[in-house]
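One structure is given here, and the rest of the page talks about it.
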């Protein structure tokens, strides 16, 4: 396996639109990197450029130490997996895995050696004679992966391979693929718009929006310290609560119908950053606390909606013109239409500069 | 507003039985969600209620009146689909007013009605715009508004949120629930998304292969699924299902690999001793009901995959030949490959007969 380096990559389409804007990203050997973003953010264009299916306008792409800018896809030593389950139903597992080698006219005993080696790595030796439709979904995925591995690629590229599967199966596949990648030490670049998939699978997640790389980091770092307003809103379910606020000199945050006293150490941190006073206050649903216990630092809120999801309950709470979502364990029960007291886990709040949209604290 | 009663409805397409003696009562002003996978027969049932399909057998009552032989228009139901089908050249106002104009209402009547509807839907500020200038969620509201002004007996909705992006869908969920409550009308809503069903419904009806599996309050269906299908369809991650058998002497559940056993809680013993297929049971445990044991007790396993989701972490733990998903708060962190012990919260486990697929406790 090899590392992949993307240097100052720009992709401009014929109509002048910039799909990828000066991207710098390096993926170490053996890493599982997820490229995450909404449709049109440039993630697939980036992946296709690494694969050689698109030519970047400027910048370099390296696989290992080799600049591959001018190499056709077939010469780049990559495996591109679009969707799992694209197995040939009339062929045995063995033939499915051997297929790419036969197409490349590899000698028969070499084919046999390589198929058996891959089968051993993936623990599918016992199903080699079977047809794909006789396999469990997990084994089918292993076979699909085996077919990609048998060509001994340097890098695996995957573009939303789990999209067409139902929710339960997708969750199983996610875990299985992650395990295989780590077990085999594969270098993987995986594209998705699904933040749950990205968080659960990636060693690092690279978030893109409008062609610009927003943040790269370990999943929990990106979740806990999003560097831009976009990342904060894109990652997490339910989405992070945001309120436009103004910080006054006394350390109060004012929004419409909403005010909150910031702890002094946070006020000092904000002052150190010397931002302008227009900020966006952000707090995740699990960091909103509900009680019937009115205190100095609680806010009175109206229960506007209750959504029981089984393992948790999501409340929509109204304060003035501002709505907050709070997630709680199902044993916490507040009635719709009542008033409750709300507070925030102040260690875990976020503030962004409203103009630059960058993280302040 | 009206009640809807479906009595022993059967519908076949050729030899394919789409609905098999389906009975379901929807109370006046109730929000009932019909939940099931693709191909379950949900949309067929909705179309039967609407009068768009002929019944092969059974009856449908709207407000105690048998509508079996009534044409769709006579049933006075409003339909809201995924596609909004708004008139692109008309303004929002004109789109909503259209059904009233067709009924030859007077101008002041129309205006009063449109304004009232716009207020409930929070689209008063959009009345002069055209559909193309609206977001998906706003278009959805306009479509709903157009259905509302007709003052139908009930609203039938077929996956209306499917085309919206993830974030908007989450927002519209609680919005639709609020709207239903303010309108005080009967909603019959079809979806394959269990989160949508849990969060919006007064009651959920789970349908699979044309047969109603269970009808109940969301939290009840989640906590007391009557069979394997409901248990594994509702909840994310899917409920862990572990093959085991009952040792009738000790009243222990024994894992199929023989690697571990757990005692059946006292309150379930009597019920379980009456079970017939004691050699083929499935122990069902939700991921949040598996605890990682701090002491050296419990069932030992190793960490196969770690999925950090931000507000929680899902661990896939390999115990014997089974894989068990465990949900923990994000503060608990262990590495892939580590050994640990798990215990089940036995007060919240489920036991199914693997042959009949029915819940025993």
Quiz item: So which strands (runs of 3 or more DSSP E) stay within segment A:248-302 end to end and still have 3 or more residues that are at pLDDT 90 or above?
Solution: A:278-283, A:288-291
Quiz item: Which one of A:127, A:118, A:111 is crowded, with 17+ Cβ neighbours inside 10 Å and within 24 Å of residue A:160 (Cα to Cα)?
Solution: A:118
Self-check item: Matching residues in segment B:144-168 - criterion: being outside any loop (DSSP other than H, G, I, E, B), surrounded by fewer than 22 Cβ atoms within 10 Å (Cβ to Cβ) and modelled with pLDDT of 85 or more
Solution: B:147, B:158
Quiz item: Taking segment A:195-234 only, how many residues are facing chain B (nearest Cβ under 10 Å), assigned to a loop (DSSP other than H, G, I, E, B), surrounded by fewer than 24 Cβ atoms within 10 Å (Cβ to Cβ) and in contact (Cβ under 8 Å) with a residue 24 or more places away in the chain?
Solution: 0
Quiz prompt | Candidate set: segment A:301-328, residues that are under 26 Å from the mean Cα position of the chain (by Cα) and more than 9 Å from chain B (Cβ to nearest Cβ); chosen: the one surrounded by the most Cβ atoms within 10 Å (Cβ to Cβ) | solution = A:326
Quiz prompt | Count of segment B:288-300 residues which are touching a residue at least 40 places away in the same chain (Cβ under 8 Å) and either within 14 Å of chain A (Cβ to nearest Cβ) or surrounded by fewer than 19 Cβ atoms within 10 Å (Cβ to Cβ) (or both) | solution = 9
Quiz item: Which one is surrounded by the fewest Cβ atoms within 10 Å (Cβ to Cβ) among residues in segment B:308-322 that are more than 8 Å from chain A (Cβ to nearest Cβ), in a strand (DSSP E or B) and in contact (Cβ under 8 Å) with a residue 24 or more places away in the chain?
Solution: B:322
Quiz item: Residues in segment B:173-181: is at least one within 13 Å of residue B:80 (Cβ to Cβ), part of a helix (DSSP H, G or I) and modelled with pLDDT of 90 or more?
Solution: yes
Quiz item: Does any residue in segment B:262-287 that is within 24 Å of residue B:237 (Cβ to Cβ) and within 14 Å of another protein chain (Cβ to nearest Cβ) come within less than 7 Å, Cβ to Cβ, of a residue that is part of a helix (DSSP H, G or I) and at pLDDT 95 or above six or more places away or on a different chain, and which pairs are these?
Solution: B:284/B:231
Quiz item: If residue B:179 satisfies every condition in (1) touching a residue at least 24 places away in the same chain (Cβ under 8 Å); (2) in contact with a strand residue (DSSP E or B) (Cβ under 7 Å, 6 or more places away or on another chain); (3) within 11 Å of chain A (Cβ to nearest Cβ); (4) surrounded by fewer than 24 Cβ atoms within 10 Å (Cβ to Cβ) but one, which is the exception?
Solution: (2)
Self-check item: Whichever residue in segment B:226-260 is out of contact with any strand residue (DSSP E or B) (no Cβ under 6 Å at 6 or more places or on another chain) and within 14 Å of chain A (Cβ to nearest Cβ) and, among such residues, is modelled with the lowest pLDDT
Solution: B:236
Quiz item: Is it the case that segment A:178-198 has a residue that's under 15 Å from residue A:361 (Cβ atoms) and in contact with a helix residue (DSSP H, G or I) (Cβ under 9 Å, 6 or more places away or on another chain)?
Solution: no
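The values are calculated or read from the model by the stated rules, or taken from the named source; none is laboratory data. Worth saying up front: this structure is predicted, and the values here are computed from it rather than measured. A quick note on method: Cβ atoms are made from the backbone with ideal geometry, for glycine too, and the neighbour counts reach across all protein chains shown.
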